[in-house]
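Asks: Submitted below is the structure of interest, expressed as structure tokens.
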Amino acid sequence: MPNIKIFSGSSHPDLGQKISDRLGLELGKVVTKKFSNQETCVEIGESVRGEDVYIVQSGCGEINDNLMELLIMINACKIASASRVTAVIPCFPYARQDKKDKVGSRAPISAKLVANMLSVSGADHIITMDLHASQIQGFFDIPVDNLYAEPAVLKWIKENINEWKNCTIVSPDAGGAKRVTSIADRLNVDFALIHKERKKANEVDRMVLVGDVKDRVAILVDDMADTCGTICHAADKLVSAGATKVYAILTHGIFSGPAITRINNACFEAVVVTNTIPQEDKMKHCSKIQVIDISMILAEAIRRTHNGESVSYLFSHVPL
């Protein structure tokens with residue numbers, strides 16, 4: 001593919017390498033460093049004049065540093081006369097701060113702020129995956145392709161869970177009902193959801209199961225797991241309701257704080273995440289974590305965008 005350059009930020013170099021390998025391209029040369037006062041410095045090591053540039057940077061690890069690095073990389077390419085700059089952000093940072101709640105009426109809408117920052121830095125297009133709230137696409141005045149891990153998740157379920165025809169897909173909260181019903185419909189199985197009542201953020205008070213999981217395999221599906229309090233509570237609830245096995249499938253495995261300890265102590269057969277966030281270190285400390293590689297979905301989205309083809313095929317198919 002002529003006139004295309006792919007650069008990787010420092011948040012997830014492995015994913016950037018996999019995407020470029022899949023496209024048969026070399027990763028672009030970029031040097032990122034910090035001055036002694038912790039300011040980020042980025043130097044693009046090759047010409048991007050007139051090129052279609054893709055910058056891969058996920059919202060994980062040192063999120064604020066990585067976000068700043070992405071903004072500087074976009075700006076560096078833009079003022080070096082790149083024809084188009086696309087930010088490939090597998091896990092969108094600050095996506096959970098997408099609205100004002102009834103409580104805390106002076107809360108910011110940080111996802112909108114991040115959208116503004118990306119636009120102002122010079123991004124012409126955004127490719128992301130499983131946004132926490134799909135309305136975030138409306139925060140941008142530039143095109144946003146929100147890809148879905150669902151086709152890869154369906155493939156994993158059919159290949160790795162023998163009793164998948166006798167399973168129930170479960171949403172750990174009411175907000176994920178749409179995601180779960182879509183997967184349940186595609187597999188032609190039942191779904192259930194868990195209603196949770198929170199006293200404060202990251203702490204669940206009480207859970208009520210709506211649906212039947214007795215003598216079935218329960219598959220919890222969510223877009224992200226952070227401290228894992230919710231999915232571990234949900235797993236206990238499903239086992240006490242008669243589920244034979246419990247799996248958890250998550251797009252973004254953040255796993256901060258006590259998450260790994262909670263998963264190790266919980267009754268999961270497996271906790272399956274995609275590699276939108278690097279998981280190598282987490283897997284060393286938790287044998288239950290398994291990873292679905294989604295680099296081929298992102299690579300195909302880049303190829304189709306570059307060639308002016310439709311991306312909607314990827315909403316229901318995994319590229320071979």
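The values are calculated or read from the model by the stated rules, or taken from the named source; none is laboratory data. No experiment lies behind these values; they were computed from the predicted model shown. Note that we place each Cβ from the backbone using ideal geometry, even for glycine, and neighbour counts take in every protein chain shown. The protein model used for the area step is the full one, side chains on, heavy atoms only, and it has no ligands, DNA or RNA in it. Shrake-Rupley method; radii C 1.70, N 1.55, O 1.52, S 1.80 Å.
Asks: Using a 1.4 Å probe and counting only protein heavy atoms, arrange Trp164, Trp156 so the residue with the most accessible area comes first.
Replies: Heavy-atom accessible area, descending, gives Trp164, Trp156.
Asks: Something else about it: If you roll a 1.4 angstrom probe over the protein chains with everything in place, what fraction of the accessible area of region 86-221 belongs to carbon and sulfur, to the nearest %? Provide the component values of the computation, followed by the final result.
Replies: Numbers: 3320 of 6850 Å².
Answer for region 86-221 is 48 percent, counting heavy atoms of protein chains only.
Asks: Can you tell me the length gained on complete extension of the stretch Arg96 to Lys178, counting 0.36 nm per residue apart and subtracting the Cα distance?
Replies: Details: separation 82, 0.36 × 82 = 29.52 nm, distance 1.71 nm.
Between Arg96 and Lys178, full extension yields an extra 27.8 nm.
Asks: Can you give me the relative contact order of region 1-132 as a percent, contacts being Cα pairs under 8 Å and 6 or more apart?
Replies: Values: 244 pairs, mean separation 29.8, N = 132.
Normalised by residue count, the contact order of region 1-132 is 23 percent.
Asks: Do any trypsin sites (Lys or Arg not before Pro) in region 1-53 lie in a DSSP loop with no more than 13 other beta carbon atoms within 10 Å, and if so, which? Write out the running numbers ahead of the final one.
Replies: Details: sites: Lys5, Lys18, Arg22, Lys29, Lys33, Lys34, Arg49; in loops: Lys29, Arg49.
Counting only loop positions with at most 13 other Cβ atoms within 10 Å, the trypsin sites (Lys or Arg not before Pro) in region 1-53 are Lys29, Arg49.
Asks: Say R0 is 22 Å: what FRET efficiency, to the nearest 0.05, do Arg49 and Asp14 get from their beta-carbon distance?
Replies: The pair Arg49/Asp14 has a calculated efficiency of 0.15.
Asks: Answer with one residue from Gly175, Ala87, Ala241: the one whose Cα lies farthest towards the positive end of the charge dipole of the chain, charges on Cβ with Lys, Arg +1 and Asp, Glu -1.
Replies: The residue sitting most towards the positive pole is Ala241.
Asks: Also, I was wondering about something else. Can you tell me the orientation of helix 177-187 relative to the chain, as the angle in degrees between its alpha-carbon axis and the longest Cα principal axis, to the nearest 10?
Replies: For helix 177-187, the angle is close to 80 degrees.
Asks: In degrees, nearest 10, range 0 to 90: what is the angle between the Cα axis of helix 150-160 and the longest Cα principal axis of the chain?
Replies: 50
Asks: Ordered by residue, what ³J(HN,Hα) values in Hz, to whole numbers, does region 111-124 give under the Karplus form 6.51 cos²θ - 1.76 cosθ + 1.60, where θ = phi - 60° and Gly and Pro are x?
Replies: My calculation for region 111-124 gives 4, 5, 4, 4, 4, 5, 4, 5, 5, 5, 5, x, 5, 9 Hz in order.
Asks: Per residue, how much accessible area does the chain show when a 1.4 Å probe rolls over the protein heavy atoms, in square angstrom? If you can, show how the numbers build up before the last one.
Replies: Details: 14870 Å² over 320 residues.
Using a 1.4 Å probe on heavy atoms only, each residue of the chain averages 46 Å².
Asks: Rank Glu39, Glu150 by accessible area, highest first, at a 1.4 Å probe radius?
Replies: On the way: Glu39 105, Glu150 35 Å².
So the residues, ranked largest to smallest area, are Glu39, Glu150.
Asks: Using the Kirkwood radius over C-alpha pairs as Rh, can you work out the diffusion coefficient of region 226-310 via Stokes-Einstein at 10 °C, viscosity 1.306 mPa s, in µm² per second? Spell out each step's value before the answer.
Replies: Values: Rh = 14.2 Å.
It comes out at roughly 112 µm²/s.
Asks: Additional query: Order 138-146, 241-249 from most to least packed using the mean count of other Cβ atoms within 10 Å.
Replies: Details: 138-146: 15.4, 241-249: 21.2.
For the peptides 138-146, 241-249, the packing ranking is 241-249, 138-146.
Asks: Now for a separate question. Using a/c under 1.5 as the rounded threshold, could you call region 140-241 rounded, prolate or oblate? The axes a ≥ b ≥ c are square roots of the C-alpha gyration tensor eigenvalues, and prolate needs a/b larger than b/c, oblate otherwise. Don't skip to the answer; put the middle values down first.
Replies: Numbers: a/c = 1.99, a/b = 1.04, b/c = 1.91.
Oblate is the answer for region 140-241, as a/c is 1.5 or above yet b/c matches or exceeds a/b.
Asks: Set the Förster distance to 30 Å, then compute FRET efficiency between Asp212 and Asn146 from the Cβ-Cβ distance, nearest 0.05. It would help to have the intermediate numbers written out before the result.
Replies: Details: r = 32 Å, r/R0 = 1.06.
That gives a FRET efficiency of 0.40.
Asks: Return the FRET efficiency for the residue pair Ala80, Arg106: r is the Cβ-Cβ distance, R0 is 56 Å, and the value is rounded to the nearest 0.05. Write down the numbers at each step before the final one.
Replies: Details: r = 40 Å, r/R0 = 0.72.
Computed FRET efficiency for Ala80 and Arg106: 0.90.
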